[in-house]
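Just below is one structure, and these are the notes that go with it.
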Amino acid sequence: MSTHLRFATEILTRLGEELIPHPDLGVIELVRNAYDADASRCTVTLHNAVDPGGILVVEDNGDGMTEAEIRDGFLIIGRSPKVSKPLTRDGRRKVGEKGLGRLAALRLGHRVELITRPRSQPGVAHVLRIDWAAYESAASVDEVELAIETVPTKQGPGTSITIHRLRHGFSETEMERLGRAMRLLTGFFDDENSEFTAILDAPQFKRVSEGVSRGFFDECEYKLVARLDENGQASANLYNWKGESIASGDHGEVALTKDRGHFRVPMMYQAPSATFELWMFTLNKESFEHRQSMRKHTDLRPWLRIVGGVHLFHRGLRVHPYGDPGFDWLELNLLRARSPELRPSTNTSVGRVCIDDPENLLIPKTDRMGFQENAPFLELRDFAARATDWAARERLRLRETKRTGGTAMARKENEEATRKVEDVLQALPPTQRQQVSDIVSTQDRLIKELERDRLLYRSLATVGISTAVFAHESIGSAGGLGQDLETIERRARAAVGAELYEDRIHKVLSRARNTAASIHSFAKLPLRMLRRNKRRAKVVDINDSCREFAEMFEGYLADWHIRLDLDLCTEPARVLTPASDVESIYANLVINAARSFSRATDTARERVVLIRTRAEPARISIEVADSGPGISGISLKDIWLPGEGSNADGTGLGLTIVKDIVADLHGKKSVLDDGEISVEKNGELGGASFKILLPRHAESAPQS
């Protein structure tokens, strides 16, 4: 006796009503079916649907279905039509999947009526009626017979699906969800293809449409456009509010990421080609006034509440839930919380990722809640996240450039203003001259106080970075002392032998002395680096500062097994600057070199840091090179930015301090990822090499 696999009618409830969590997802699936039928218009209408018992109607003007297509396509659940026929008659790439969303929509009511008019059979309509009550009395799905009736019609091609006696009413919240889903389905970026329009005949849809139609895209502060090509290579451009390109990046810059504390760049992304656009806004009145906008900044926030976030468009249609409220799939809000400056959130940006996916690499989830998180999807998400990181770095670089240039410009303007004030004072009567002079003196004192505060904060930051980097080595040594004492005690009890015992005692006491010296040195370091006289502008010999720095940090470098070599010029090399600034240059560059050794894979290689100074007629140079692994995984132009740096676990603030000091002194800076000095000193390729050029003080320069 032969038999076959059968499905109980309860499977309809499991696959339809229980699998799809929200009724709007089922309705959207019927709209997507209309898209696959080459319809130009699809309308969803609800009649008396607030309470159970209402009617849902979905109508389109697409190609319709023949009797065979109803039987072998519409009524077969679980088979994708994309495999055999991926393109529609008009060349659309199909978005329909296995029909589970369609089943969920049909199960919203107690009875379904399908009327379809195939384009290939003018004047004919096929009618299918499904009464779900018939399945309740049947043991298995295949026991219920369905009849397809063919009738004449004068209407053009298209399909109408009417779902009678809705099991549940559409609440206000559900209507809002459906209205938003319908309005956003085909996009809202003012440049979409208008070949397909989806409409919900309901007040909620009208309200959402009115809100969306306001469109604030031309009010963005910045716009990111990133592309992933068919070879898995990323690129990006950043535009300002004028539409001018202000930065561009190739794959090596855009795909840069941190993995387990190290920078890396994937050779290629294993994902479908895509375009990622992100509009970033500033939610304040000043931003609108700066652009001389005729619109109200207060209207921007309500618009972003509707459309904010990054949406995913697959073959022209939006995919739920990407971009929905509370679904931050690129983790924009998390990244902004970690680094709030210059990063967008779902409340301050709107974006879209557009993909065609001809190879069907992205697989929809069964419950229609987005795509399965397979390798291609994760790679696609990583591409968009890395592009956002790149844009944040570029914005930071622009801000730092403006800030550094602004400081120099302000100093120049202040000098010019001082000269003008002096000229005005000389032209005033003596009484008025004294009054104005007192006011100017007060302003000068305030400016000098601010300058002293700035130098103090800079020195405090350097001290903090120094102790944070080097402290754990000494603390680790202190922590190991107790363990060594326990070992000694156990060995003494076991009577290992006097010679070994004495040797062990000597080693532990030596470590204890080193640890005590390091702790004592830590206590003295802030006092030495934060002396008030170091923050006064004077003529400083950079060689003297280097020797003092080497003496202060000798113990720390020894704990890290780092040899510090000095190659100082013999002639005077003086600059006019606070001594604390020169000290900060040495400290931060050497600390950066010390941290690089933790990334070295060749542990047998000697750790060497070299400081070389040279004097030229008009300038002096400071070069700090090391024998570490060099700079990798980061652009040399990014290395000076706060939050970046050559060490993935660092803050990058040390090099930013150096950059600011050099800018204040009207100097220059450069960096090599394979330092020439290291090559010369060690006889092999070395690590990084930083070079600082500062104006030489006239008194120490050779006279011509």
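The values are calculated or read from the model by the stated rules, or taken from the named source; none is laboratory data. Every value quoted in this text rests on a predicted model; they were computed, and no experiment measured them. Neighbour counts are summed over all protein chains in view; Cβ atoms, including those assigned to glycine, are modelled from backbone coordinates with ideal geometry. What goes into the accessible areas is simple: the full protein's heavy atoms, side chains included, and nothing from ligands, DNA or RNA. Shrake-Rupley method; radii C 1.70, N 1.55, O 1.52, S 1.80 Å.
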**Prompt:** Do we find that Gln233 is in contact with an Asp or Glu (Cβ under 9 Å, 6 or more places away or on another chain), open to solvent by 10 Å² or more (accessible area, probe 1.4 Å) and modelled with pLDDT of 85 or more in this structure?
**Reply:** yes
**Request:** Read through the list (1) part of a strand (DSSP E or B); (2) farther than 21 Å from Gly62 by Cα; (3) touching a Pro at 6+ places or on another chain (Cβ under 9 Å), then give the number of the only condition that Ala125 fails.
**Result:** (2)
**Fill in**
Going through segment 139-158 in order, the residues found to be open to solvent by 30 Å² or more (accessible area, probe 1.4 Å) and outside any loop (DSSP other than H, G, I, E, B) are Val141, Asp142, Glu143, Ile148, Glu149, Thr150, Val151, Pro152
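Considering only residues that are open to solvent by less than 40 Å² (accessible area, probe 1.4 Å), over 21 Å from Leu361 (Cα atoms) and not β-branched (Val, Ile, Thr), which ones fall in segment 253-276?
Pass one, segment 253-276, residues open to solvent by less than 40 Å² (accessible area, probe 1.4 Å): 254-257, 261, 263, 266, 269, 271-272, 274, 276.
Subset that is over 21 Å from Leu361 (Cα atoms): 254, 256-257, 261, 263.
If the condition is that a residue be open to solvent by less than 40 Å² (accessible area, probe 1.4 Å), over 21 Å from Leu361 (Cα atoms) and not β-branched (Val, Ile, Thr), then Leu256, Gly261, Phe263 are the ones that fit.
Can we say Arg41 is surrounded by fewer than 20 Cβ atoms within 10 Å (Cβ to Cβ), in contact with a strand residue (DSSP E or B) (Cβ under 6 Å, 6 or more places away or on another chain) and basic (Lys, Arg)?
Working: surrounded by fewer than 20 Cβ atoms within 10 Å (Cβ to Cβ): yes; in contact with a strand residue (DSSP E or B) (Cβ under 6 Å, 6 or more places away or on another chain): yes; basic (Lys, Arg): yes.
Yes, satisfied.
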**Message:** Out of Ser584, Ser580, Ser598, I need the residue that is surrounded by fewer than 22 Cβ atoms within 10 Å (Cβ to Cβ), at pLDDT below 90, assigned to a helix (DSSP H, G or I) and not charged (D, E, K, R). Which one?
**Reply:** Ser598
**segment 654-697: number of residues that are at pLDDT 75 or above and part of a helix (DSSP H, G or I)** = 11
**Complete:** All conditions in (1) free of Cβ contacts under 8 Å to residues at least 40 places away in the same chain; (2) of a type outside the set (Lys, Arg); (3) more than 25 Å from Thr366 (Cα to Cα) are true of Glu67 except (1)
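State the number of residues belonging to segment 57-77 that are of a type in the set (A, V, I, L, M) and not in a loop (DSSP other than H, G, I, E, B).
Residues meeting the conditions: 4.
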**Message:** Could you go through segment 98-119 and let me know if any residue there is closer than 19 Å to Glu359 by Cα, in a loop (DSSP other than H, G, I, E, B) and modelled with pLDDT under 80.
**Reply:** yes
**Request:** Under 7 Å between Cβ atoms, at least 6 apart or on separate chains: pull out the pairs that start in segment 41-56 with a residue that is part of a loop (DSSP other than H, G, I, E, B) and end on any residue that is open to solvent by 30 Å² or more (accessible area, probe 1.4 Å) and of a type in the set (S, T, N, Q).
**Result:** Gly54/Asn48
**Asked** If you go through segment 235-263 one residue at a time, how many are small (Gly, Ala, Ser), out of contact with any Phe, Trp or Tyr (no Cβ under 6 Å at 6 or more places or on another chain) and outside any helix (DSSP H, G or I)?
**Response** 6
**Request:** Would you please list the contacts, defined by Cβ atoms under 6 Å and residues six or more apart or on different chains, that run from a residue in segment 211-226 that is within 10 Å of Phe281 (Cβ to Cβ) to a residue that is assigned to a helix (DSSP H, G or I) and open to solvent by less than 10 Å² (accessible area, probe 1.4 Å)?
**Result:** Phe216/Leu300; Phe216/Trp303
**Prompt:** Looking only at segment 236-252, which residues are open to solvent by 50 Å² or more (accessible area, probe 1.4 Å) and touching a residue at least 24 places away in the same chain (Cβ under 8 Å)?
**Reply:** Trp241, Ile246
**Prompt:** What single numbered condition from (1) over 16 Å from the mean Cα position of the chain (by Cα); (2) closer than 29 Å to Ala181 by Cβ; (3) modelled with pLDDT of 90 or more fails to hold for Ile246?
**Reply:** (2)
**Request:** Please work out if Pro364 is touching a strand residue (DSSP E or B) at 6+ places or on another chain (Cβ under 9 Å) and surrounded by fewer than 19 Cβ atoms within 10 Å (Cβ to Cβ).
**Result:** no
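From Phe383, Phe313, Phe327, Phe371, which residue is surrounded by fewer than 19 Cβ atoms within 10 Å (Cβ to Cβ) and among the aromatic types (Phe, Trp, Tyr)?
Values: Phe383 fails: surrounded by fewer than 19 Cβ atoms within 10 Å (Cβ to Cβ); Phe313 fails: surrounded by fewer than 19 Cβ atoms within 10 Å (Cβ to Cβ); Phe371 fails: surrounded by fewer than 19 Cβ atoms within 10 Å (Cβ to Cβ).
Unique residue meeting the criteria: Phe327.
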**Item:** Out of Ile115, Ile161, sole residue that is free of Cβ contacts under 8 Å to residues at least 60 places away in the same chain and crowded, with 18+ Cβ neighbours inside 10 Å
**Value:** Ile115
**Prompt:** Is it true that some residue in segment 179-193 is within 20 Å of Ser293 (Cβ to Cβ), hydroxyl-bearing (Ser, Thr, Tyr) and open to solvent by 20 Å² or more (accessible area, probe 1.4 Å)?
**Reply:** no
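Yes or no, residue by residue, for (1) more than 16 Å from Ile76 (Cα to Cα); (2) of a type in the set (A, V, I, L, M):
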site	(1), (2)
Val124	yes, yes
Leu128	no, yes
Val144	no, yes
Ile148	no, yes
Lys154	yes, no
Ile161	yes, yes
Leu166	yes, yes
Gly169	yes, no
**Prompt:** Of the residues that sit in segment 289-313 and are outside any helix (DSSP H, G or I) and in contact with a Phe, Trp or Tyr (Cβ under 8 Å, 6 or more places away or on another chain), which one is nearest to Gly91 (Cα to Cα)?
**Reply:** Leu312
**Message:** Yes or no: segment 163-185 includes at least one residue that is out of contact with any helix residue (DSSP H, G or I) (no Cβ under 9 Å at 6 or more places or on another chain), assigned to a loop (DSSP other than H, G, I, E, B) and under 27 Å from Pro118 (Cα atoms).
**Reply:** no
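Report yes if some residue within segment 356-376 is of a type in the set (Lys, Arg), in contact (Cβ under 8 Å) with a residue 12 or more places away in the chain and under 27 Å from Val27 (Cβ atoms); otherwise report no.
The initial filter retains those residues of segment 356-376 that are of a type in the set (Lys, Arg), namely 365, 368.
With the extra rule that they be in contact (Cβ under 8 Å) with a residue 12 or more places away in the chain, the set shrinks to 368.
Then drop every residue that is not under 27 Å from Val27 (Cβ atoms), which leaves 368.
Yes, segment 356-376 contains at least one residue that is of a type in the set (Lys, Arg), in contact (Cβ under 8 Å) with a residue 12 or more places away in the chain and under 27 Å from Val27 (Cβ atoms).
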**Message:** Just the residues that are touching a residue at least 40 places away in the same chain (Cβ under 8 Å) and over 19 Å from the mean Cα position of the chain (by Cα), please, taken from segment 263-296.
**Reply:** Gln270, Pro272, Ser273, Leu283, Ser287, Phe288, Arg291, Ser293, Arg295
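In this structure, does Ala133 turn out to be within 29 Å of Asp201 (Cβ to Cβ), open to solvent by less than 80 Å² (accessible area, probe 1.4 Å) and free of Cβ contacts under 8 Å to residues at least 24 places away in the same chain? If you could, list the steps in order and put the result at the bottom.
Values: within 29 Å of Asp201 (Cβ to Cβ): yes; open to solvent by less than 80 Å² (accessible area, probe 1.4 Å): yes; free of Cβ contacts under 8 Å to residues at least 24 places away in the same chain: yes.
Yes; evaluated as a whole, the condition is true for this residue.
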**Message:** Any residue in segment 305-324 that is touching a residue at least 40 places away in the same chain (Cβ under 8 Å) sitting within a Cβ distance under 6 Å of a residue that is in a strand (DSSP E or B) and of a type in the set (A, V, I, L, M, F, W, C)? List the pairs, counting only those 6 or more apart or interchain.
**Reply:** Val307/Val350; Gly308/Val350; Leu312/Val353; Phe313/Cys354; His314/Ile355; Val319/Leu312; Tyr322/Leu312; Gly323/Val310
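Okay, residues lined up against (1) at pLDDT below 80; (2) within 27 Å of Phe205 (Cα to Cα); (3) open to solvent by less than 50 Å² (accessible area, probe 1.4 Å):
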position: Ile20; (1), (2), (3): yes, yes, yes
position: Val31; (1), (2), (3): no, yes, yes
position: Ala37; (1), (2), (3): no, yes, yes
position: Glu67; (1), (2), (3): no, no, no
position: Lys85; (1), (2), (3): yes, no, no
**Exclusive hit being part of a loop (DSSP other than H, G, I, E, B), open to solvent by 20 Å² or more (accessible area, probe 1.4 Å) and farther than 30 Å from Pro86 by Cα, set Asn347, Asn333** = Asn347
